[in-house]
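As structure tokens, the structure follows; a few thoughts come after it.
The values are calculated or read from the model by the stated rules, or taken from the named source; none is laboratory data. It should be emphasised that the depicted structure is a prediction, and the values quoted were computed from it without experimental measurement. Note that we place each Cβ from the backbone using ideal geometry, even for glycine, and neighbour counts take in every protein chain shown. Surface areas here come from the heavy atoms of the whole protein model, side chains and all, with no ligands, DNA or RNA. Shrake-Rupley method; radii C 1.70, N 1.55, O 1.52, S 1.80 Å.
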Amino acid sequence: MNCSPISPAIPKVVRLRPRTHFFSKQSVWLQVALGILSIGLIPTLTARPSLSAERLTISYGIAARSIPINSLETYAKTGKVDDELAAYVQHADKEQLNQLRQFLLTPIPLNAVQVSQFLYTPIGKRLLENLGEVVQQESGISGFYAIRAALILAAADPQGLTLLNILRKFPSRAIAIDLARSLEIARAFQNLVNQTQRAIALINKQSSLDAGTASTLDNTSVIDPPRPGNFRWQKQTITLNDTSRSRTFPADIYLPNVSSPRPVIVISHGLGSDRTSFAYLAEYLASYGFVVAVPEHPGSDAKQLQALLAGRSDQVTEPREFIDRPLDIKYLLNHLSNLSQADSTYRGRLNLEQVGIVGQSFGGYTALALAGAPIDFKQLAKNCPAPPGTFNVSLLLQCLAVSLPQTTTYNLSDPRVKSAIAINQIDSSIMGQASLSQIKIPVMIMAGSADTVAPALPEQIQPFTWLTTPNKYLVLINGGTHFSTIGESQSSGVPVPEQVIGPNPALAQRYVRTLSLPFFQTYLANEPSYRRYLNADYINTISQQPLPLSLVQSLSLKSSGASQMCKSILFCSAGRTARFSNKVGSKMLPLPSLQNWDAPESSASTATDRN
């Protein structure tokens, strides 16, 4: 998702372990842009505009300085800094300059139709409105339409969708950047980064202390969780038809060869994904004797995203998906109950009173809804629509639920669900504290510190503190992104570059297998001996670079300073943050001193006064 083009790079987290980091050094712009697209937040102009940008003008009040686009292009392609650009990069180090070249040239693998389809959705339009506040046309008006045209035209160009090409396609001789507004956004962003860093540092420190004070494992008791279990299994694909909702969808059933009823685990995929994205986890759990059911949610799967990109749909997803997803799983469990009575293949092999649920992203919401957290329309009314400049991309998706009829009582929980794992879930506004505190079953939350789609602090860390269930776990994958735990899928809606997926996704997926097994053995199969693997001491034995792992079972953010976030909306955004930090710790390409700026000389190359 697009943030301000001059948003600061995200600094590293406090290093409590060697090489532990908060965000990778990849472009925040690239990560957020593609993060939005991958969760279904993915811009019908065909004629080339009569103008194209020649200069990038940065204004601060009546003062302005501009950079020729040619200078940026020369530097990006050759590495040569001309006199025009030299004033801006003279204080930058080699790493920052290399990042600038990468930002300008890194392609986003989307064509013009795909970009256009997304930008004409309500979510796409909202993003353009936010970006248009900072990136404006030379006349000082919002850059909404110009940005949309530039994105579509760049995607249609043989050189592809890159930041440099977007600048070239901007239909105005000058691209005006409102520096005052940009700095306001940058400070708000840095405020959120600082709060997140403090929370992550607290989690890492607490996990390290817990691991050092209570050792419950010895060398002979440490299992090798990535190794498959001893049960053989078979996979069957069934088709379900819920006539009451006119909804037909497939599900894969991983059925171990057992002679007695076994607990059932359901896996719910994220928006724009499908039932194969967590096949690695389904196969692993089935090898340990669990029956695993993986439905595909029509309307929020890869096919829906593909329909959007191909022009067959004008929506990322419908608000009704917040209701239909949990109902898909309830209907699936009912169907499996019928099969266990009528079909010899299933008879005597399913214990449908002991059900576990795993969900990632939108599926994480689905899991928590089934676990007992209802939609909180009062919380949604407070937080929606998402304010301009929000850094919590997932809020754009959550706010879709505002349009759901509120006169209906939605019964989304299921008493058969006895434990839940939520990975990178979205829940801060669709549920909130009053809702999540109603969950009574064991819950494990997994967060990635580098998640730019559902940021860890507002969507996983803070919500963890709202849980009142006595058996709760927060797992932090330092350096993990929104995509780290998602397996490869042949029908992925949008190709996600390796830079956005992040380092070593195989390790992140190994963590998911490693921790899901003892969690469900303990709280679903009633095998208390596995509980010793659900603590910081065991986490310390399996933690590896480049994705160090931490686990806590309780957390207070009050002492860390992270609790001082925008409490009413649980994320910080420019314009709604009462107090900004004056210390911007992240690296930015320094601008020339404002005292040396000249007033704009002409509207052709500089920003004009604004009314």
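Laid out as a table, the results:
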item: Tally of residues being closer than 29 Å to Leu517 by Cβ and either charged (D, E, K, R) or open to solvent by less than 20 Å² (accessible area, probe 1.4 Å) (or both) across the range 398-429; result: 15
item: Check on Ser605, touching a Lys or Arg at 6+ places or on another chain (Cβ under 6 Å), more than 23 Å from Gln195 (Cα to Cα) and modelled with pLDDT under 95; result: yes
item: Hits in the range 48-107 (condition: of a type in the set (Val, Ile, Thr) and touching a Ser or Thr at 6+ places or on another chain (Cβ under 9 Å)); result: Thr57, Ile58, Ile67, Ile69, Val81, Thr106
item: Entirely in the range 457-524, the helices (runs of 4 or more DSSP H) that have 1 or more residues that are more than 23 Å from Ile200 (Cβ to Cβ); result: 498-501, 505-523
item: Filter result (buried (at least 24 other Cβ atoms within 10 Å of the Cβ) and hydrophobic (A, V, I, L, M, F, W, C)) within the range 480-498; result: Phe483, Ile486
item: Members of the range 438-472 that are closer than 22 Å to Gln195 by Cβ and surrounded by fewer than 22 Cβ atoms within 10 Å (Cβ to Cβ); result: Thr465, Trp466, Lys472
item: Test: residue in the range 546-553 that is open to solvent by 20 Å² or more (accessible area, probe 1.4 Å) and either closer than 29 Å to Leu396 by Cβ or at pLDDT 75 or above (or both); result: yes
item: Test set (1) over 18 Å from Leu240 (Cα atoms); (2) in a loop (DSSP other than H, G, I, E, B); (3) open to solvent by less than 10 Å² (accessible area, probe 1.4 Å) - Tyr346 fails condition number; result: (1)
item: Lone unmet requirement of (1) under 19 Å from the mean Cα position of the chain (by Cα); (2) of a type outside the set (Gly, Ala, Ser); (3) surrounded by fewer than 18 Cβ atoms within 10 Å (Cβ to Cβ) for Tyr365; result: (3)
item: Search result, residues across the range 362-374 that are touching a helix residue (DSSP H, G or I) at 6+ places or on another chain (Cβ under 6 Å) and either under 12 Å from Gln398 (Cβ atoms) or not in a helix (DSSP H, G or I) (or both); result: Ala373, Pro374
item: Hits in the range 264-284 (condition: buried (at least 24 other Cβ atoms within 10 Å of the Cβ) and of a type in the set (Gly, Ala, Ser)); result: Ser268, Gly270, Gly272, Ser273, Ser277, Ala282
item: Within the range 382-392, considering residues that are open to solvent by 10 Å² or more (accessible area, probe 1.4 Å) and touching a helix residue (DSSP H, G or I) at 6+ places or on another chain (Cβ under 7 Å), the one modelled with the lowest pLDDT; result: Gly389
item: Where Leu395 falls short, out of the listed (1) out of contact with any Lys or Arg (no Cβ under 7 Å at 6 or more places or on another chain); (2) crowded, with 16+ Cβ neighbours inside 10 Å; (3) within 18 Å of Gly299 (Cα to Cα); result: (3)
item: Of all residues making up the range 211-252, the number that are at pLDDT below 95, farther than 30 Å from Ser287 by Cβ and under 33 Å from the mean Cα position of the chain (by Cα); result: 1
item: Matching option when the condition is modelled with pLDDT of 95 or more, β-branched (Val, Ile, Thr) and either more than 16 Å from Gly359 (Cα to Cα) or buried (at least 24 other Cβ atoms within 10 Å of the Cβ) (or both), among Ile501, Ile477; result: Ile477
item: Residues of the range 285-300 classified as open to solvent by 10 Å² or more (accessible area, probe 1.4 Å) and either touching a Gly at 6+ places or on another chain (Cβ under 8 Å) or within 24 Å of Gln234 (Cα to Cα) (or both), total; result: 2
item: Residue ID - farthest from Val393 (Cα to Cα), chosen from residues in the range 307-329 that are surrounded by fewer than 24 Cβ atoms within 10 Å (Cβ to Cβ) and touching a Lys or Arg at 6+ places or on another chain (Cβ under 8 Å); result: Leu327
item: Complete set of residues in the range 80-120 that are open to solvent by less than 60 Å² (accessible area, probe 1.4 Å) and within 18 Å of Gln315 (Cα to Cα); result: Leu110, Ala112, Gln114, Val115, Ser116, Gln117, Phe118, Leu119
item: Tally of residues being under 22 Å from the mean Cα position of the chain (by Cα), of a type in the set (Ser, Thr, Tyr) and over 22 Å from Val316 (Cα atoms) across the range 253-285; result: 1
item: Residue within the range 421-434 that is closer than 30 Å to Trp233 by Cβ and not in a strand (DSSP E or B) present; result: yes
item: Hits in the range 511-529 (condition: open to solvent by 50 Å² or more (accessible area, probe 1.4 Å) and touching a Ser or Thr at 6+ places or on another chain (Cβ under 7 Å)); result: Pro528
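Residues are listed down the side, and each one gets a yes or a no for (1) in contact with a strand residue (DSSP E or B) (Cβ under 9 Å, 6 or more places away or on another chain); (2) closer than 19 Å to Pro497 by Cβ; (3) among the acidic types (Asp, Glu):
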residue	(1), (2), (3)
Leu97	no, no, no
Pro107	yes, yes, no
Val113	no, no, no
Gly132	yes, no, no
Gln137	yes, no, no
Arg173	yes, no, no
